[in-house]
Structure formats: structure tokens, C-alpha cells
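First up is the structure itself, then whatever we jot down about it.
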Amino acid sequence: MAKSNMTAGKRAASAILATALSISVVVGVGVTLNKFSADPNGKLFATKEADTINVDGKEYPKASLTMGVYADTEQAHADGFTGMKNDWVQYGPSNHLVLPANTYITMTIHGYDGGEELNNPFFGKVMGTVSGTVNIDGVEYDSLPYNKIQHTWTLHGIPQSTQDPLFVSVPLLRVEEDDEIGWVPTEDPITNFKGHTITFSFLTKGAGEYVWNCEFPCGDDTYAKFGAAMSGYGYMSGKVTVTA
């Protein structure tokens, strides 16, 4: 066996240097992730309502909030949202939602985008809402066809003992497009016939930190249309903080 020419002192120095470099890499990654996970548009707080609602024999306080989802920054501007830095598909006006605990949440999403086909038809189902349905332009649905969806709003968390599980997934009906006229007018006057009004309700539990994202492949072709907006934090994904 060949002997190493490195002395004990050099080996110790090398080990110290390697350890220091490892620590600096970990710190750098932590700082980078913290930077990218910062809220680009602040927090969006649910509005608490004065009345309550009875669900399965239990009384819950009520709260509500409204978001939009847009094909690009121009659509976002037309709906009164400043928009994100890149001209990509995006939710707004914020990606960080703050909801009260143990509350009946009614969420409204104005969807102005078109669509193609889901990679997984599973996400065409409505899951986790109080009624098991979503209301789109006044009509109740428990699912949508895999080729009629513009995006999904999917809320979930990593299973752990420190917070309650919370899972909600709702498909959003696409706005149709025509080769000659472009966007086809919808039947929804709330969006000035340019989109769909999607409303659903769910129950929060105890306090915790969760994430939401779109499960529709609406990015570029970097990886099965999950690049660009799909991998850029704040466009088609975000956080949900449930507060006590």
C-alpha cells in the first residue's frame, strides 16, 4: 500500500477547511432559499365575517378572501394586480395567504386563463371542500374534464405530528380560445365576461404552516411543462399560514 505524503498537520488543516466550506455551503443554501421564499407581494389576510355557520352540528366563524389567476402580466394589470417580475402565468395579488384557525373559509378565484390537458386526471376532482363541490359561474361541479382545466388550487402540508393535516384541491375551468378572435367571452358578468368566478369553502383546523400550488403543467418545456412559472416561487405556488 502506498503511503500518503500528507503530514498529520496538513490532514488536520485540510479537514478544517473542508468543514468550513461545508458550513459555508449550507449557510449559503439557507440564505438563498430564504430569499426565494420571501413574499414578493406581502401577505393576503382573510376577511373575518360577523356571522357563523353550522357544519355537521358544529358552529364555525366565517372568513373569506379573493384571488385571481392570469395568463400574463397584462391580464393581471387589467384586474388591478401589479403583477410579478416575469411575464408568466401567475396568481395574485399575493402568494402568502393568512387564514384564521378553526374557521369556515370561503375562497373566490377569478380565473382568466386558457388551458390544455392535465398530466394526471386525478386533479380534475374537487377534494377537501365542505360540500365536495366547487361553484363555477353559479353552477356546482364535483369534477372537471381533464382537458377543460386552466389551473388547480391545491393546498397541502407535509404530514407531521405538530400540526393538523389540511388538504384541498380544486380544478379551475378554462377560458376557451379561438384561432381568429382569441379569448372567447364567458357567461360570467363578474369578470366582465373575460373569465370564470370560482368559489369554494373549506374548514381550517389548528394553527400551522402549509403550502399551495397549481398541479396543472403550465410552465415551459424545461421539464414536462413544470419549468418557468411552475418552478418560480410566487407565480403558481405559495404559502398558507393558519393562525390561532
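Here are some notes:
- HN-Hα J in Hz across segment 175-185 - Karplus 6.51, -1.76, 1.60, θ = phi - 60°, x for Gly and Pro: 8, 6, 10, 10, 4, 9, 9, x, 5, 7, x
- Maximal additional length on extending the Lys85-Asp179 stretch stands at 31.0 nm, based on 0.36 nm per residue less the C-alpha distance.
- Ordering Gly195, Pro165, Val184 by Cα displacement along the dipole of segment 40-243 toward the positive end leaves Pro165 in first place; charges were set at the Cβ atoms of Lys, Arg (+1) and Asp, Glu (-1).
- Size of charge dipole - segment 91-244 - debye, nearest 20, with Cβ of Lys, Arg +1 and Asp, Glu -1, no other charges: 760 debye
- Ratio Rg/Rh, restricted to segment 40-243 and using Cα atoms, in which Rh is the Kirkwood radius: 0.95
- Tail weight of P(r) past 13 Å, computed on alpha-carbon pairs of segment 86-128, percent: 75 percent
- Couplings 3J(HN,Hα) for segment 239-244, derived from phi with the Karplus relation 6.51 cos²θ - 1.76 cosθ + 1.60 (θ = phi - 60°), are 10, 10, 9, 9, 9, 6 Hz, where x marks Gly and Pro.
- Alpha carbon centroid spacing (whole Å) that separates segment 44-61 from segment 79-132: 20 Å
Every number in this text was worked out from the coordinates using simple rules, so none of it is lab data. Please read all numbers here as calculations on a predicted model, not as lab measurements. Glycine gets a Cβ as well: all are built from the backbone with ideal geometry, and neighbour counts include every protein chain shown.
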